[in-house]
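Here is the structure we will look at.
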Amino acid sequence: MALDPQTLLAILLMALATYATRAGGLWLASCLRLSRRVEAWLDHIPGAILVSIVAPVVLASGPAEALAGLAVVLVAWRTGSLPVAMVMGVGIVLVLRAVA
Amino acid sequence: MPIEVSGFAIGLVFGVLAGQAGLSVAESFLMSALVYSGAAQFVVLGLWGTPLPVAGIALTTLVVGLRHLLMGAALSPFFSKLPRLEAYGSVFFMADENWALTMSEFSKGKRDAAFLLGGGLAMFASWTTSTLVGRTVGGVLREPARWGLDVAFTAVFLALLVGMWRGRSDLLPWAVAALVAVAAHHFLPGQWYILLGGLTGSLAGAVWRGA
């Protein structure tokens, strides 16, 4: 049951940050109205963050990653299953790296 | 019920990846129980390393969680009549899925605010249990690099993105995010590309929609 102090601190700060966003919406809405542009901005953040994380790996690291990325998108789209898509992606990269 | 099955599977994946990123069983469980946000938890695993970028992890969690502000604001007309403790206690359990279900109940004219808490508690139990199971089972795997840790994260995020795609309004923000992230990843050190791409992409989406 290892608990590293730095890790614990990170987790507690994450908990505070997340709860602040959950409670903050209730609180903010009672004080002010968000403009439509601010709403659109908040709405687009999660997708844009995820795209930013994957883009350098999928688009700029090599053919194995690009092909695996394409396969993951296709599998996730057709099956809707996250674990299946993940196993496919990892499998394709492992095979292509072994072959290349 | 289908939500809980898929939620359980995602929790298993999180547990496995948390183990590969170096979190202990207790740490993985605590993170799922205290943070209880799949999106934030997956994203910070990508930042995990030694020395631990504590400030970057907290800031990233805050940015990823900003969408909760909108969700909470949408609940507020129905929650404003509740005692404060109940309202502010229930929102701890607010996740994308039970929020969406609660809003659809409200739109049908039902006014039971406990719907959010009920769904949230069920998902909370599923999320923490599956994290524990995934972390324990995943602990058997050694040498994460040989198992493709790098692409496992990428694959999970890509699959999540497929589910988040809402149509053409996402095209511009996602394209901007991808371009900025690739450029920033090339020219800047560390993890700045994630925040830069996320901010410019979402701002592009806001400007585009506002225009």
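Where a number appears in this text, it was derived from the coordinates with a stated rule and is not lab data. Note that the coordinates shown come from a computational prediction; the quantities given were computed from them, not determined experimentally. Here the Cβ is made from the backbone with ideal geometry for all residues, glycine too, and neighbour counts use every protein chain on show.
Observations, loosely collected:
- Across the options B:ALA175, B:PRO51, B:VAL25, the greatest Cα extent toward the positive end of the charge dipole of the protein assembly as shown (unit charges at beta carbon of Lys, Arg, Asp, Glu) belongs to B:ALA175.
- Look at the dipole of the protein assembly as shown built from charges on Cβ: of B:LEU117, A:VAL75, B:ALA9, the Cα furthest out on the positive end belongs to B:LEU117.
- Sites A:VAL95 and B:LYS81 - FRET efficiency at Förster radius 41 Å, r taken between beta-carbons, to 0.05: 0.10
- Estimated from helices alone, the mean residue ellipticity of the protein assembly as shown at 222 nm is -26500 deg cm²/dmol (sum of -39500 (n - 2.57) over DSSP H runs with n ≥ 4, per residue).
- Phi to ³J(HN,Hα) by Karplus 6.51 cos²θ - 1.76 cosθ + 1.60 over the range A:57-70, Hz, x for Gly, Pro: 6, 6, 8, 9, 10, x, x, 4, 5, 5, 5, 4, x, 4
- Cα-projected label distance for B:THR136 with A:LEU70, points at 7 Å along beta-carbon direction, nm: 4.2 nm
- Taking 0.36 nm per residue of separation and subtracting the current Cα-Cα distance, fully stretching the chain between B:LEU101 and B:LEU172 would add 22.7 nm.
- ³J(HN,Hα), Karplus 6.51/-1.76/1.60, whole Hz, each residue of the range B:163-176, x for Gly, Pro: x, 8, 4, 10, x, 4, 5, 8, 4, 5, x, 6, 5, 4
- Residue exposure sequence - B:SER130, A:SER61 - by fewest surrounding Cβ within 10 Å: A:SER61, B:SER130
- Distance between the range B:107-134 and the range A:21-100 - C-alpha centres, whole angstrom: 23 Å
- Given R0 = 45 Å, the distance between the Cβ atoms of B:VAL207 and B:LYS108 translates into a calculated FRET efficiency of 0.85.
- Each 10 Å bin from zero holds the following percent of Cα-Cα pairs in the protein assembly as shown: 6, 26, 37, 24, 6, 1, 0.
- Cut-off of 10 Å, at most 11 other beta carbons, DSSP loop: longest stretch of chain B lacking such trypsin sites (Lys or Arg not before Pro): B:1-80
- If you take the Cα centroid of the range B:185-204 and the Cα centroid of the range B:33-83, the two points sit 19 Å apart.
- Solution diffusion estimate, µm²/s, Stokes-Einstein, the range A:45-100, Kirkwood Rh from C-alpha pairs, 25 °C, viscosity 0.890 mPa s: 210 µm²/s
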